[in-house]
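Written below as structure tokens is the structure these notes are about.
What follows draws every value from the coordinates through simple rules; no lab data is involved. On a predicted model such as this, the values are computed, not experimentally measured, just so you know. When we count neighbours, we look across all protein chains shown, and the Cβ atoms used for this are built from the backbone with ideal geometry, even at glycine.
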């Protein structure tokens with residue numbers, strides 16, 4: 001491959017070859033003129049005579065035959081042990097009587113040298129998908145966070161003070177043992193498959209009626225940004241299996257899709273968003289009350305959609321993948 005200080009770049013190879021083939025220069029004379037060896041000048045002249053201008057480009061130096069290459073049946077055994085038993089190169093080499101370096105080379109060639117390339121549940125190679133336009137598919141799901149008692153939760157103030165704050169929280173209902181019931185915040189989230197733009201609402205339940213209301217408002221929110229929703233993908237939660245959800249999707253002209261049971265990988269974009277949501281908003285900093293945390297969600301969503309670079313879309317913010325954006329959004 002040519003480099004910055006190469007004597008012969010593809011353009012100069014062509015000039016050299018034309019002098020010899022087309023203009024009849026002696027090979028030794030042309031080699032001296034371009035400050036290269038006689039065999040080098042002869043090689044490029046022969047290649048030009050056989051292939052023309054296209055023959056001046058770099059070609060792969062990979063040999064035509066590799067007699068010592070690992071046999072295909074051994075490669076299959078290595079891949080099988082990696083997929084099904086999650087063994088490393090040393091363990092696989094011990095089982096098969098091979099050098100660990102050979103096993104590692106095979107795993108690199110098969111893109112199995114790192115286990116994050118492999119689905120943890122099935123052992124199969126991870127298959128990623130992305131719809132080709134915004135709105136072609138949206139993902140919906142619900143994640144839960146324990147409410148924060150007045151004064152702060154145990155994550156920041158410690159278990160002992162956290163229990164005191166729970167007991168002192170005003171308006172918290174009590175169990176039959178007079179223990180305070182702080183409850184949970186149910187965050188209903190919607191992610192566009194193509195752009196990763198996120199929409200979220202916090203509610204006190206995850207019933208079908210609440211999920212349908214979130215869907216209607218999310219579709220309107222995307223519509224205001226020039227995105228028409230065609231499909232919605234959910235898990236098999238009771239809200240998404242209800243007749244109310246089915247009827248709402250039909251009324252909106254959206255095709256309802258569901259993941260296979262116990263296969264959260266299919267809905268992986270929104271599962272990964274929930275992790276980001278927890279790290280970046282729910283548990284990022286100290287909140288003195290649940291209302292303070294809930295009030296902070298819109299600003300965090302704006303940061304996520306408009307400013308936070310997303311690695312899956314080339315380091316750009318999700319909103320950059322939406323077209324015809326009418327103004328600024330929150």
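Here are a few things to note about the model shown:
- Estimated [θ] at 222 nm from DSSP helical runs (n ≥ 4, -39500 (n - 2.57)) normalised by residues in the chain, nearest 500: -12000 deg cm²/dmol
- Values of log10 I(q)/I(0), in the order q = 0.19 Å⁻¹, for the range 1-115 under a Debye, Cα-only, solvent-free model: -0.87
- Rounded to the nearest 10 degrees, the inclination of helix 10-21 to the longest alpha-carbon principal axis of the chain is 20 degrees.
- Net lengthening on full extension, residue 295/residue 74 (0.36 nm per residue, minus Cα-Cα): 73.7 nm
- Residues 243, 188, 203 arranged by fewest to most Cβ contacts within 10 Å: 243, 203, 188
- Where only alpha carbons of the range 10-56 are counted, the Rg and the Dmax (Å): 9.0, 24
- Mean separation of Cα contacts under 8 Å, 6 or more apart, over the residue count of the chain: relative contact order %: 13 percent
- Compared with the dominant principal axis of the Cα atoms in the chain, helix 290-306 is inclined by about 20°.
- Mean sequence separation of contacting Cα pairs (under 8 Å, at least six apart), scaled by the length of the range 72-117, corresponds to a relative contact order of 35 percent.
- Exposure proxy ranking, count of Cβ atoms within 10 Å, fewest first, for 9, 259: 9, 259
- Cα-based convex hull, the range 72-117, per residue volume (Å³, whole number): 60 Å³
- A Stokes-Einstein calculation at 10 °C with viscosity 1.306 mPa s, built on the Kirkwood radius of the range 193-330 over Cα pairs, returns a diffusion coefficient of 97 µm²/s.
- Rounded Å value of the spacing that divides the Cα centres of the range 273-294 and the range 211-238: 23 Å
- Dimensions of the chain from C-alpha coordinates, computed as largest minus smallest value along each principal axis and given longest first, are 101, 58, 42 Å.
- Note on the range 146-242: semi-axes of the ellipsoid equivalent to its C-alpha gyration tensor, largest first and rounded to whole Å, are 35, 16, 11.
- Fraction in percent of alpha-carbon pairs per bin - 10 Å, the range 259-312: 21, 44, 26, 9
- Taking Cα atoms only, the orientation of helix 208-223 departs from the longest principal axis of the chain by about 50 degrees.
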